[in-house]
Amino acid sequence: MDQIKIGKFIASLRKEQGLTQAVLADRLGITDRAVSKWETGKCLPDASVMPELCDILKISVSELFAGERIDMENLRESNEKLLLELKEGEERSNRKLLHIRISLIVISLVVYMAILIIASFLFKMELLNFAIPLFITAFVLLISLVTIAILIERDAGYFECPECGERYVPTMRAFIVSPHMGTTHHLKCPKCGKKAWHKKVMTK
Ligand SMILES: [Zn+2]
């Protein structure tokens with residue numbers, strides 16, 4: 001918080017209102033020394049007088065703290081900027097999820113292959129007590145791998161309907177049974193009901 005800036009702001013607003021330090025102090029029930037201290041940036045107005053001070057100076061408390069008037073145009077602009085940053089953040093984390101999925105699949109496939117090779121070797125050695133549990137492990141690993149991959153792919157980002165532009169997350173059933181090419185799925189839009197190839201997008 002810039003006390004000097006706030007002080008200058010208070011002084012200029014006080015003068016705008018045609019008030020002396022003494023009159024302003026009087027209306028707030030404080031000493032004019034206190035007003036002088038604010039205006040020179042030595043201290044900030046006490047929280048107890050702040051609402052009345054803002055009332056007299058015709059500003060909001062946020063404007064007092066900012067040490068300047070906040071016009072609505074600036075506010076809207078900064079809100080839009082903030083929203084855009086949030087959106088970009090979401091896009092980044094969704095991309096990250098997709099990357100994690102790919103690494104996960106590669107690592108699991110390597111493990112899966114290794115287990116299969118060891119299991120086949122044990123099978124040939126007729127060590128069935130070891131080979132069979134390993135085959136089962138490999139199978140369970142494959143099933144969970146596919147499930148996780150599907151879950152992540154469905155949840156990362158959204159699908160966009162080319163007909164109406166709706167962006168949504170499909171139901172698990174619709175997602176699994178729909179034909180797909182890469183990450184583009186042939187789905188029925190929940191909004192307009194038309195079937196089409198829905199592209200994957202990273203933001204809503
Ligand atoms: Zn649609």
| What length, rounded to one decimal in nm, is gained on full extension from K194 through to L82, with 0.36 nm per residue of separation minus their alpha-carbon distance? | 36.9 nm
| query | Label points 7 Å out from Cα along the Cβ direction at K96 and D2: separation in nm? | reply | 3.4 nm
| task | Can you tell me how much longer the chain between Q17 and L128 gets when fully stretched, taken as 0.36 nm per residue apart minus their C-alpha distance, in nm with one decimal? | result | 30.5 nm
| field | Degrees separating the helix 128-155 axis from the principal Cα axis of the chain, which is the longest one | value | 40 degrees
| Which of the pairs K81/K191; K8/K42; K87/K191 have their Cα atoms more than 19 Å apart in this structure? | K81/K191; K87/K191
| request: Report the dimensions of the chain along its three principal axes from the alpha-carbon atoms, largest first, rounded to Å. | output: 101, 46, 20
| remark: One finds, for V177 and S144 with R0 = 22 angstrom and r their Cβ-Cβ distance, a FRET efficiency to the nearest 0.05 of 0.60
| remark: Note to self, the chain gives a 222 nm [θ] from helices alone (DSSP H runs n ≥ 4, -39500 (n - 2.57) apiece, / all residues, nearest 500) of -21500 deg cm²/dmol
| request: Taking only Cα atoms and a 10 Å spring cutoff, compute GNM fluctuations for the chain and point out the largest among D32, D155, D71. | output: D32
| Debye, to nearest 20: dipole size of the range 157-204, +1 on Lys, Arg Cβ, -1 on Asp, Glu Cβ | 60 debye
| query | If you bin the C-alpha pair distances of the range 3-66 every 5 Å from 0, what whole percents do you get? | reply | 4, 20, 34, 33, 9
| said: Rounded, prolate or oblate, given the Cα gyration tensor of the range 157-204, with a/c below 1.5 counting as rounded? | reply: rounded
| query | With a sphere of radius 11 Å drawn around the Cβ of G41, what net charge do the other residues whose Cβ falls strictly inside it have (Lys, Arg +1; Asp, Glu -1)? | reply | +2
| note | To the nearest 0.05, the calculated FRET efficiency linking D32 and V201 through their beta-carbon distance, R0 being 41 Å, is 0.10
| query | Size of the dipole of the range 3-66 about the Cα centre, Lys and Arg at +1 and Asp and Glu at -1 on the beta carbon, nothing else charged, in debye to 20? | reply | 240 debye
| Each residue of the range 27-34 in order: what ³J(HN,Hα) in whole Hz does its phi give by Karplus 6.51 cos²θ - 1.76 cosθ + 1.60, θ = phi - 60°, with x for Gly and Pro? | 5, 8, x, 10, 7, 6, 4, 4
| request: Measure off 7 Å from each Cα along the Cα-to-Cβ vector at L104 and E166, then give the distance between these two points in nanometres to one decimal. | output: 2.8 nm
| request: Calculate how steeply helix 72-124 sits against the longest principal axis of the alpha-carbon atoms of the chain, using the helix alpha-carbon long axis, and give the answer as 0 to 90 degrees to the nearest 10. | output: 20 degrees
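Here, each number is a calculation from the coordinates, and none is a lab measurement. The model shown is predicted, which means the values in this text are computed figures rather than measured ones. Glycine gets a Cβ as well: all are built from the backbone with ideal geometry, and neighbour counts include every protein chain shown.
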